[in-house]
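These notes are about the structure you will find just below.
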Amino acid sequence: MSNGQGQATATEPRVESTASRLRELVAHLRQQRAQLREEWARLITEAQLLTAMTKEEIFAEATSVYDNYVEALETGTYEALQAYARNLSERIIPRGVETHEVVGIVLLLRDVLARSLFAKYHEDFTKLNRILDAYEPAANRIAITVAVGFVQERERIIREQQEAIRELSTPVLQVRERLLILPIIGVIDPQRARQLTEQLLRGIRTNRAKVVVLDITGVPYIDSPVANHLVQTVEAARLLGAIVIVTGLSPEIAQTLVNIGVDLGKMNTVGDLQGGIEEAERLLGYKVVLTRESAAQPA
Amino acid sequence: MQVPILKQGPYLIATVQSALTDDDLKELRNVLVEKVGHLRSRGVIVDVTALDVIDSFATRTLRDVAHMIRLRGAETVIVGIQPEVAFSMVKLGLTLEGVATSLDLEEGLAYLGRPGKASGREGRSDTG
Amino acid sequence: MPVGADVDIVTARQKGRELAAQCGLSSTDLAVVATAISELARNIVRYAVRGEIVLRRVENGTKRGIEVVATDDGPGISDVPLAMQDGYSTSGGLGLGLPGVRRLMDEFDIVSRFGKGTTVTVKKWRR
């Protein structure tokens, strides 16, 4: 409630007393550790949180969360807790633990500890209030730290999975020596476009490809940034010494390419994938000959 | 930084070995254009595998090398552009238009030695 | 780091690549950042003669990346929007410098005062 410079001098002893109250609080929580932890673990089970974990696992995690919690209260620093929360999240996310469960258990612990403070100081209401003044902001900050840590870890995992899916969604197939095919299916967003370029260019290098057929029959439409990106990819491939043949352009995509003013001299296009492969084989000097066996009519 | 230039039969092979300053690039251009006439080479390969950046100046110099060498009656192929470098070049708007490129030295030699190239698109400037 | 000569361009982009690697950028983005720095450093050497390039890590929430600030006290750019168009150049170069750098990077900011100098700030985030 400091609302001016006159109050500034009064802040220092106030900080001092907050620290001493937190010390008193921490001492109490350490002393009551076994009992409070037990109580907390019981409430977690009762509230049907962390159902994916066994009783023993819950108890083990509860112990370390408890100790990290008290330590954060004591030191007023949250880095260790943050690191612990991230580590914990990394372990429990694959087990299917949900955000509401993590937030739920931290809030339960906050309440268990608050109750024990009520019990200890219920006869001295003024003191209880002061202790809670010190406890509540710290406890809320801890809850936020753990929740945010969990959510960030989840987001990181989701990003990784997206990346993995994207990679799978753009296979680079070698069909003949020096000939690659990239069949693209589905919408190309800017991120997928970037990945497509990287995979295509690396594929050229690792497979020593000379011709790449990029088949976009399965792509319904592209916007102009992605169309530009596609054109740039074709140019980059040429810098590596490879020719890209684009096949299966839909009328919509053809329209987009015309709208961005693509230089058709730079873009090698063939109507469909079959035609593209035939053109690629021609460029590579292959000649496909129909043998008598395969030409024979079924009996 | 000197770029070693090797004479291999009718070809000159310049292998860039580390990052080049603008002056190094100009020097390389001058030496190649001079040597190609002096040694009566039919083709020049510039191997840029070791370059981790090819910016606008380097691109312009490489393009100039190719054009000047064409005017001197020989052909140039740039080989070994790395995927990341190629990507950065096109993003920057540089495409080395009109300059031949190949995957690596082996491919570059195959390109220069390809059959029937005299009747190809560079026939007009081929003074032999 | 100060930029005043040819060799500084090479040094600046190598330092930039190193820092970008420490920031965890992908190999493609390392080349992208190094190329952008090369262009910015060259603009300093060519138009302003002297200037400096500052490289630093940046963070924004969960995003991490690298920031490059190129400053010079050269003649400045009289018409920034014009300089940001492809094909514009006053020194006989390819004239792709600034718009190209903007395409390479995720964030691009330019402040130029005619007669006072130019500051270009660019950022690339880790993906």
Over what distance in Å are the Cα centres of the stretch A:175-215 and the stretch C:57-75 separated? 33 Å
Starting from the Cα of residue B:26, step 7 Å along the direction of its Cβ; do the same at residue A:286; then give the gap between the two resulting points in nm. 4.9 nm
Gain upon complete extension [residue A:33, residue A:100; 0.36 nm per residue less C-alpha separation]: 21.6 nm
Label-point separation, residue C:18 to residue A:119 (7 Å along Cα→Cβ), nm: 5.9 nm
Suppose every Lys and Arg Cβ carries +1 and every Asp and Glu Cβ carries -1, with no other charges. What dipole size does the stretch A:131-269 come out with about its Cα centre, to the nearest 20 debye? 720 debye
With Cα atoms, 0 to 90° folded angle of helix B:22-38 axis to chain B main axis: 10 degrees
Span-like helices, chain A: DSSP H, alpha-carbon axial extent 18 Å or more, mean Kyte-Doolittle -0.5 or greater, which ones? A:55-75, A:99-121, A:125-169, A:224-239
Fluctuation leader among A:130, A:166, A:37 - chain A, Gaussian network, Cα springs under 10 angstrom: A:130
Taking 25 Å as R0, compute the FRET efficiency from the Cβ-Cβ separation of residue A:259 and residue C:109 and round it to 0.05. 0.25
Just give the residues from the stretch B:35-75 buried by at least 30 square angstrom of accessible area in the all-chains context relative to the isolated chain, probe 1.4 Å, and say none if nothing qualifies. B:52, B:53, B:55, B:56, B:60
Here the residues of the stretch C:38-60 whose accessible area is at least 20 Å² smaller with all protein chains than in the chain alone (probe 1.4 Å) are C:39, C:42, C:46
Whole Å is fine, so just give me how far the alpha carbon centre of the stretch A:227-267 lies from that of the stretch C:23-47. 26 Å
Over what distance in Å are the Cα centres of the stretch A:21-80 and the stretch B:1-75 separated? 69 Å
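Can you figure out the FRET efficiency of residue A:169 with residue A:278, using R₀ = 30 Å and their beta-carbon distance, to the nearest 0.05? Numbers along the way, then the final one.
On the way: r = 26 Å, r/R0 = 0.87.
Here the calculated transfer efficiency is 0.70.
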per DSSP, antiparallel bridges as share of beta bridges in the protein assembly as shown, % nearest 5, sits at 55 percent
Could you sort the peptides C:46-59, A:254-267 by per-residue average Cβ neighbour count (10 Å cutoff), highest mean leading? C:46-59, A:254-267
Using only helices, what value at 222 nm comes out for the protein assembly as shown when you add -39,500 (n - 2.57) per DSSP H run of length 4 or more and divide by the total residues, to the nearest 500 deg cm²/dmol? -17500 deg cm²/dmol
Under 18 Å from the Cα of residue A:287, which aspartates and glutamates turn up, not counting those fewer than eight places away in the same chain? A:177, A:278, A:279
With a ≥ b ≥ c taken as the square roots of the eigenvalues of the C-alpha gyration tensor of the stretch A:163-299, please select rounded if a/c is under 1.5 and otherwise prolate if a/b is larger than b/c or oblate if it is not? prolate
Reciprocal mean inverse distance between Cα atoms of the protein assembly as shown - Kirkwood radius, Å: 28.5 Å
Please check: in the Gaussian network model of chain C (C-alpha springs, under 10 Å), which one of C:28, C:71, C:11 has the largest mean-square fluctuation. C:28
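Excluding ligands, DNA and RNA, what is the solvent-accessible area per residue of the protein assembly as shown at a probe of 1.4 Å, expressed in Å²?
Numbers: 27930 Å² over 554 residues.
Per-residue value: 50 Å².
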Interface size C-B, as summed buried accessible area [1.4 Å probe, Å², nearest 100]: 2000 Å²
In the structure shown, of B:26/C:15; A:266/C:124; B:26/C:123; A:210/B:7; B:91/C:63; C:63/C:123, the pairs separated by more than 20 angstrom at the C-alpha atoms are B:26/C:15; A:266/C:124; B:26/C:123; A:210/B:7; B:91/C:63
Please determine, in degrees from 0 to 90 and to the nearest 10, the orientation of helix B:56-71 with respect to the longest principal axis defined by the Cα atoms of chain B, where the helix direction is its Cα long axis. 10 degrees
Just tell me how shielded C:1-7 is by partners: mean number of partner chain Cβ atoms within 10 Å of each residue's Cβ, no decimals. 2
Residue among A:247, A:63, A:206 with the largest mean-square fluctuation in a Gaussian network model of chain A, springs linking Cα atoms under 10 Å: A:206
Residue (of C:122, A:244, B:8) at the positive-pole extreme of the protein assembly as shown, dipole from beta-carbon charges: B:8
Of all accessible surface on the stretch A:173-287 at a 1.4 Å probe, what whole percent is carbon and sulfur? 53 percent
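Once you average over the residues of B:77-83, how many Cβ atoms of partner chains fall within 10 Å of each Cβ?
On the way: counts 1, 2, 2, 3, 7, 8, 17.
Counting other chains' Cβ atoms within 10 Å and averaging over B:77-83 gives 6.
Would you mind giving the mean number of other chain beta-carbons within 10 Å of the Cβ of each residue in A:193-206, as a whole number?
On the way: counts 0, 5, 2, 0, 6, 6, 1, 1, 8, 5, 1, 3, 7, 1.
Mean partner-chain Cβ count within 10 Å for A:193-206: 3.
Out of every Cα pair in the stretch A:13-164, what percent are spaced more than 29 Å from each other?
On the way: 2266 of 11476 pairs.
Above the 29 Å cut-off, the stretch A:13-164 has 20 percent of its Cα pairs.
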Descending semi-axes in whole angstrom, ellipsoid equivalent of the stretch A:53-142, from the Cα gyration tensor: 27, 15, 11
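The values are calculated or read from the model by the stated rules, or taken from the named source; none is laboratory data. Since the structure is predicted, the reported quantities are computational estimates derived from the model, not experimental observations. FYI the Cβ positions are ideal-geometry reconstructions off the backbone, even for glycines, and counts take in every protein chain you see. Heads up: the accessible areas ignore ligands, DNA and RNA and are worked out on the full protein's heavy atoms, side chains in. Shrake-Rupley method; radii C 1.70, N 1.55, O 1.52, S 1.80 Å.
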